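Each remark here refers to the structure printed beneath this line.
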Amino acid sequence: MDREWNDNQPIYRQLRERVVAMILDGILKEGDPLPSVRNVAAEYRVNPLTVLKGYQQLVDEQLVEKRRGLGMFVRSDARDLLLRGERQKFLEEEWPRVSATIQRLGLTSEDLPGLPTNHRPAKSRTAENPPATAKPISRDPQEKS
């Protein structure tokens, strides 16, 4: 895990996000134990209650399970749950912006790196199918020119 914290969100949320990334990246697999609260607190110089709060969020989201006397472990379905959630979040929050930018720049599927070779060909730009245009930015009626 990265040792740097940013000021944009609480440390416990950042800790949760790092564990989520480790699960998605396959660093932590189903059944793997999470590092102990004490070890994480000492290594990253944060309050143990902060670590516990981040871990508790993972328990509440049913990504991690507590085993009395043993610690916390990644649940067997954690990666699948995360993938579903992250995909949905991407499609709802990020994809509309990405798609709008692609259209605004007039990019085709051939222009985009990393697409599989079996992608659908992009529609050609014609008079019947012009590129999408951006909405004009409305000005504040009280703003002076």
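Values quoted throughout were computed directly from the atomic coordinates according to the rules given, and no laboratory measurement underlies them. Keep in mind it's a predicted model, so treat the numbers as computed, not measured. Reconstructed Cβ throughout: ideal geometry from the backbone, glycine too, with neighbour counts over all protein chains shown.
So which GluC sites (Glu not before Pro) in the stretch 1-78 are both in a DSSP loop and have at most 13 other Cβ atoms within 10 Å of their Cβ? When the GluC sites (Glu not before Pro) of the stretch 1-78 are filtered for loop state and at most 13 Cβ neighbours within 10 Å, GLU4, GLU30 remain. Taken about its Cα centre, the stretch 20-72 carries a charge dipole of about 300 debye when Lys and Arg each add +1 at the Cβ and Asp and Glu each add -1 at the Cβ. Taking 17 Å as the straight-line reach from the Cα of LYS53, the aspartates and glutamates in range (excluding those fewer than 8 positions away in the same chain) are GLU17, GLU43, GLU61, GLU65.
Sparse packing (at most 14 other Cβ atoms within 10 Å of the Cβ) combined with a DSSP loop state is found for the following trypsin sites (Lys or Arg not before Pro) in the stretch 1-93: ARG3, LYS29, ARG45, ARG68. For the stretch 11-76, the normalised intensity computed at q = 0.26, 0.29 Å⁻¹ comes to -1.25, -1.47 (log10 of I(q)/I(0), Debye sum over alpha carbons, equal scatterers, no solvent).
Measuring nothing but how far apart in sequence close Cα pairs (under 8 Å, 6+ apart) lie, relative to its length, the stretch 11-76 scores a relative contact order of 39 percent. Cβ crowding within 10 Å, taken as a proxy for footprinting-reagent exposure, orders VAL37, VAL19, VAL74 from fewest neighbours to most as VAL37, VAL74, VAL19.
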